[in-house]
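Take this structure, written in structure tokens, and hold onto it; I'll ask about it next.
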Amino acid sequence: MKVNVHIPSSLSQITLGQYQKYLNIQENNTDEKFLAIKMIEIFCGLRGDMIMKMKAKSIRDITTILAEMFNDKPQLIKEFKLNGKTYGFIPKLEDMSFGEYIDLDTYIGDFENIHRAMNVLYRPIKQKHQDKYLIDDYTGDDPDKMKDMPMDAVLSSILFFYHLGMDLSQAMMNSLQEEEITLVQQQLLEESGDGINQFSVSLKEILEDLKISLN
């Protein structure tokens, strides 16, 4: 039986939500045949009963294409379109607020909730001139919308922060310490110290889970 299959040509055509769904299934299953079916079902939008009617060679070819796609190491994606709006990567990391930093540090190492970290990093562009732009203020509202963002932007930001490493954490801590910090904020900073030190480690674990080589 001939089956028309739309195979994504790049990570920009795969959403974060799709990959989160696949990872969740992958964590609880080891059957390669079942995972191949779910991969095509999720990323190609094809029903399982239709996939079962396809040739075995076609299944292998499609899953190979999809798997190799995640070997890409995209440069930082600074802008993308989402639901009719243009989103931009936070222009100045050193200007990040205390609340933004805590949310980013909390969720960047947790792929199940990484859309919440992406909600900090990428926001609608409200003003732009040439290659410079301003983004909306961070509110933390509706993080689930980021599940529809393209996977190349997600992966590029993870790689960006991994290679930036502890320089980021130190820069943010210095920036926060230059401002007036309340007793409660100071306590939170001290309590989150271990988490901050694990920032790069968490990202490395995510990249390993995604089968992304760091060499």
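Distance between the C-alpha centers of region 94-145 and region 42-86? Whole Å please.
Centre-to-centre (Cα) distance: 26 Å.
Could you tell me which chymotrypsin sites (Phe, Trp or Tyr not before Pro) in region 113-159 are loop residues by DSSP with no more than 13 other beta carbons within 10 angstrom of their beta carbon? Walk me through the intermediate numbers first.
Values: sites: Tyr122, Tyr133, Tyr138; in loops: Tyr138.
Loop-located and lightly packed - none at all.
Longer than 27 Å from Cα to Cα, which of Lys85/Lys132; Lys53/Lys145; Lys73/Lys145; Lys53/Lys73; Lys21/Lys85; Lys38/Lys73 are they? Say none if no pair is.
In this structure, Lys53/Lys145; Lys53/Lys73 exceed 27 Å between Cα atoms.
Using 0.36 nm times the number of residues separating Asp72 and Glu112, minus their current alpha carbon distance, what extension gain do you get?
Taking Asp72 through Glu112 to full extension adds about 12.3 nm, to one decimal.
Describe numerically, in nm with one decimal, the distance between label points set 7 Å from Cα along Cα→Cβ at Ile7 and at Leu134.
Spacing of the two 7 Å Cα→Cβ label points: 4.6 nm.
Of the trypsin sites (Lys or Arg not before Pro) in region 16-117, which ones lie in a loop per DSSP and count no more than 13 other C-beta atoms within 10 Å?
Arg47, Lys53, Lys55, Lys92
What do you get for Rg/Rh of region 50-132 when both radii come from the Cα atoms and Rh is the Kirkwood radius?
When Rh is taken as the Kirkwood radius, the ratio is 1.15.
Next up: Convert each backbone phi in region 127-140 into a coupling constant with the Karplus relation 6.51 cos²θ - 1.76 cosθ + 1.60 (shift: θ = phi - 60°), then list the ³J(HN,Hα) values in order as whole Hz, x for Gly and Pro.
So the Karplus estimates, Gly and Pro as x, are 7, 9, 9, 6, 9, 10, 8, 10, 10, 4, 5, 7, 10, x Hz.
Compute the Rg to Rh ratio over region 11-69 from the alpha carbon atoms, using the Kirkwood formula for Rh, and round to two decimal places.
Rg/Rh for region 11-69 comes to 0.93.
A further question on this structure: Mind ordering 65-75, 95-105 by average Cβ neighbours within 10 Å, highest first?
Listed from highest to lowest mean packing, they are 95-105, 65-75.
Then there is this: What FRET efficiency do you get for Gln127 and Lys92 if R0 is 22 Å and r is their Cβ-Cβ distance, rounded to the nearest 0.05?
Here the calculated transfer efficiency is 0.90.
Show the residues, 5+ positions off or on another chain, whose built amide H is closer than 5 Å to the amide H of Ile14.
Excluding prolines and chain starts, which carry no amide H, the hits are Met151, Asp152.
Coordinate-derived values only; no laboratory data. Worth saying up front: this structure is predicted, and the values here are computed from it rather than measured. Counting neighbours? That spans all protein chains shown, and the Cβs are built from the backbone with ideal geometry, glycine included.
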